[in-house]
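K.L.:
Got a structure for you, questions after.
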Amino acid sequence: STIPVIAIDGPTASGKGTVAHRVADRLGYHYLDSGALYRLTALTALRRATPLNDEHALAKLAEHLPCSFAGGEILLANENVTDAIRAEAVGNTASQIAALPAVRQALFALQLGFRKAPGLVADGRDMGTVIFPHAPLKVFLTASADARAQRRYKQLIDKGISASIEDLLMDLNARDARDTHRAIAPLVPAEGAHVLDTSNMTADEAVDLVLKWHAAAV
Ligand code: C5P
């Protein structure tokens, strides 16, 4: 396919969601939030009390997710779950089931389908390594664990949710360890990826850099 893809990968709270979203807006490209697919699968599994070691049942849920994305809202069988999938418990479950090969396989074709003209910004952990390995631009966004915990803390406080930096840091480290050390599609920079540490950068500074790389890549 000649439809351009910008693959943006990185750990939890690295700012990649914000950056990927703004880059897509600026270019008028489609946006794939691949983490949301793992979160939707997790939410469904939690609601149905599907055992988290039943790989086959979980893959079935993933394969038949009745989800749709419109105007920044995420629907699951017509229910608006945009906020529900952001709960910490859902994120933790998502990271557990994301280690199961059959679940990843079930979500593979769904993700490829987001590649539509005029272009796609794909946000996740394995966009540049597994899903779109031939993307003309790959970016790996990181930030120190402290910077990421601070960002997550601020997001929660802004939403009126109480939080503790220590708990958030523990949570981030546990999720990073799982994502980085899993046997399948581990979180690593893709070959040829631009690695960008955003610890001391605003989101807009990162967006401008990505747009500059994009202009040079096409
Ligand atoms: O990015 P987000 O925090 O929404 O993703 C939730 C979880 O889904 C991650 O912790 C990760 O384990 C998993 N994930 C993944 N591959 C992706 C996107 C997300 O394994 N492409």
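The values are calculated or read from the model by the stated rules, or taken from the named source; none is laboratory data. Just so it is clear, the structure is predicted and the values come from calculations on it, not from any experiment. Positions of Cβ are generated from backbone atoms using ideal geometry, with glycine treated the same way; all protein chains shown enter the neighbour counts.
K.L.:
Of these, Ala190, Ala122, which one is closer than 17 Å to Ala217 by Cβ, under 18 Å from the mean Cα position of the chain (by Cα) and outside any loop (DSSP other than H, G, I, E, B)? Break it down into steps so the answer makes sense when it comes.
P.N.:
Numbers: Ala190 fails: outside any loop (DSSP other than H, G, I, E, B).
Result of the check over Ala190, Ala122: Ala122.
Listed here are the residues, each with its yes/no results for (1) more than 23 Å from Thr12 (Cβ to Cβ); (2) at pLDDT below 95; (3) touching a Leu at 6+ places or on another chain (Cβ under 8 Å); (4) surrounded by fewer than 11 Cβ atoms within 10 Å (Cβ to Cβ).
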residue: Ala49; (1), (2), (3), (4): yes, no, no, yes
residue: Asp54; (1), (2), (3), (4): yes, no, no, no
residue: Lys60; (1), (2), (3), (4): yes, no, no, no
residue: Leu65; (1), (2), (3), (4): no, no, yes, no
residue: Val81; (1), (2), (3), (4): no, no, yes, no
residue: Arg86; (1), (2), (3), (4): no, yes, no, no
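K.L.:
Another question, then. Limited to the range 1-48, what total is found for residues that are in contact with a Ser or Thr (Cβ under 7 Å, 6 or more places away or on another chain) and of a type in the set (S, T, N, Q)? Step through it out loud before you land on a result.
P.N.:
First, pick out the residues of the range 1-48 that are in contact with a Ser or Thr (Cβ under 7 Å, 6 or more places away or on another chain): 10-11, 14-15, 42, 45-46.
Cutting the leftovers down to of a type in the set (S, T, N, Q) gives us 14.
Adding up the residues that qualify gives 1.
K.L.:
Given the range 33-107, what helices (runs of 4 or more DSSP H) lie entirely inside it while holding 2 or more residues that are more than 12 Å from the ligand (Cβ to nearest atom) and within 27 Å of Tyr153 (Cα to Cα)?
P.N.:
Numbers: elements: 34-48, 55-63, 88-97.
Ranges flagged: 34-48.
K.L.:
So, in the range 9-31, of the ones that are out of contact with any Leu (no Cβ under 6 Å at 6 or more places or on another chain) and in a strand (DSSP E or B), which residue ends up surrounded by the most Cβ atoms within 10 Å (Cβ to Cβ)?
P.N.:
Among those residues, the one meeting the criterion is Asp9.
K.L.:
For the range 187-207, which residues satisfy the criterion of being surrounded by 15 or more Cβ atoms within 10 Å (Cβ to Cβ) and either aliphatic (A, V, I, L, M) or in contact with an Asp or Glu (Cβ under 7 Å, 6 or more places away or on another chain) (or both)?
P.N.:
Hits for the range 187-207 are Leu187, Val188, Ala190, Ala193, Leu196, Met201, Ala203, Ala206, Val207.
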